[in-house]
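Let me begin by presenting the structure, written as structure tokens, before commenting on it.
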Amino acid sequence: MFKSKTAFTFIFALLCFLNSAFAAESDNAAQVPTQGETIYVSDHNRIWTRSGPSSRYRINGSVRIGDKLTFLEERGKFYKVRSEDGKEFWMQSDTLQVEPCGYTYTEDLQKQVKELTYKLENYDNELSRNYQTAQKRLERLEKENAGMKEAILQKDATIQQLDEQRRSYAESLETKDLDMQMRWWMQGAMIALGGAILGAIFIFIPRPRLKRRRDRY
């Protein structure tokens, strides 16, 4: 049973190989390059996939160079992977790599080239938009700065005015204190002078003499 499966797998692989060889020969016959023309190694080669982690398992399909796969499991020299359409199969680890390659890498590079080309073509417009944005921001900052300067000037003027009022009130209060002290001094002096005058008057005013009582007896 095992030998029949191996023979069938071998015959199937041989037929696939002959088919691809015939297709390649027909393509080459249709497009034969001229002598001296530069040619490249084709990236349309395919790698066989198997149903299990060994070369003894049957071939169940193929993948193109550059196809994106998801790593699932490692077993010996084989990796179990999942394709983008959800199929799971095994492949030899030396046929896989982490870095992109093949048509996928080419598509990524073409996408980057398109993005850079678009940015380069629209660089002037983007630069103009950035300049206008910066100009508006500068104008807004200048207005805010002018408003802050005006507010600071008003604040300084208010502080100066309040300081002048404080000084005026302090001087007025000091003057009132002096006036109050002078009034107290004047009142005290007047009271003392009045007391001295009254004392002098009492001294010089003659006192009435008392009449002696006669002895009637």
task: Starting from region 69-80, keep only residues that are closer than 14 Å to residue 57 by Cα, then list their pairs with residues that are charged (D, E, K, R) and crowded, with 17+ Cβ neighbours inside 10 Å whose Cβ atoms are within a distance under 8 Å, requiring at least 6 positions of separation or different chains.
output: 78/50
message: For the list (1) under 30 Å from residue 55 (Cβ atoms); (2) at pLDDT below 85; (3) surrounded by 10 or more Cβ atoms within 10 Å (Cβ to Cβ), I need the number of the one condition that residue 181 fails.
response: (1)
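The values are calculated or read from the model by the stated rules, or taken from the named source; none is laboratory data. What you see is a predicted model; the values in this text were computed from it and never measured. Backbone-built Cβ (ideal geometry, glycine too); neighbour counts: all protein chains shown.
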